[in-house]
Amino acid sequence: MTITENTHFSHPQHPLDLKNYQKPYICDGCKEQGFGSRYRCELCNYDLHADCAFTDSTTSHKFFKACTFKFLDQRPGKCCNSHCKDCMRYCDACGKPIHGFVYHCKEKGWDLHPCCRNLTNELDIDGIKFHLRGTVSSKCIWCNQRNPPGSVSGIRGWSYVSKCKNYRFHVYCATEMVNQVWKNGGSKDSNECLSIENVKLPLPVSLNRSGGSGSNSFMRIVKVFLKTIAGILLGDPTITLTSLFVELVFKE
């Protein structure tokens, strides 16, 4: 634990209290998006994911067998500028840049966002088994590409592939879904929650090209999968985003 008497090493000036506001925020630890519950200083508008408030000095992940990740409050590099392109590092799970708190494996050079380390090797979605994969030979059903759009050479991120092979998602694409919610849900400083009436998300590319929305069963699995991954990446597995991913990811 890194909170002692409600203070945190990254914000020792004031206590951080657990809040549960139904509005988005940027975590001041990892600099990634969050929603719902967070540890917050109202005086300073300072927020932390639970995973950034309570960190482990070292951790591991089943995807990286026999590797130890050390917690760092800033990415490893030659300088302290979090936006220096020469020192830029990327999360090996989602493929996105590291700008703050990170779990780093010095031996292998791997990095994980604090929330991304919660992505499990296996998921069970309505009886469908999903397995975490590094590289896949089939196209993601969201972007219709094998490699995530904008992926960095050598850092392509993980994918979830169902045992039946009918469902394939880049973790990167799930984060893009979160970005769409962020853009369409209003300002991060707004006191209003994400309104489902204002959110319009596109169909997966593969379904648009097929000219249909697919079977009800297929669509239900996709919706619940995206909701599950979004909850993990936003730092609140109980999140519903006003039922966004269940109700309005796709308009049937």
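The values are calculated or read from the model by the stated rules, or taken from the named source; none is laboratory data. Keep in mind that what you see is a predicted model, and the values were worked out from it rather than measured. Backbone-built Cβ (ideal geometry, glycine too); neighbour counts: all protein chains shown.
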Scope region 116-138; condition at pLDDT below 85 and over 24 Å from residue 60 (Cα atoms); matching residues: 126, 137, 138
Scan of region 156-182 for residues that are of a type in the set (D, E, K, R) and either at pLDDT 75 or above or outside any loop (DSSP other than H, G, I, E, B) (or both), ordered by number: 163, 165, 168, 176
Residue that is modelled with the lowest pLDDT [pool: residues in region 233-248 that are crowded, with 21+ Cβ neighbours inside 10 Å and closer than 19 Å to residue 50 by Cα]: 241
Count of residues meeting criterion [under 17 Å from the mean Cα position of the chain (by Cα) and touching a residue at least 12 places away in the same chain (Cβ under 8 Å)] in region 115-129: 8
When residues of region 2-51 are limited to those that are under 23 Å from the mean Cα position of the chain (by Cα) and at positive phi, the one surrounded by the fewest Cβ atoms within 10 Å (Cβ to Cβ): 45
Tally of residues being under 23 Å from residue 98 (Cβ atoms), charged (D, E, K, R) and not in a loop (DSSP other than H, G, I, E, B) across region 12-39: 1
Matching residues, region 105-151, being surrounded by fewer than 19 Cβ atoms within 10 Å (Cβ to Cβ), under 24 Å from residue 33 (Cα atoms) and touching a Leu at 6+ places or on another chain (Cβ under 9 Å): 118, 120, 121, 122, 123, 132
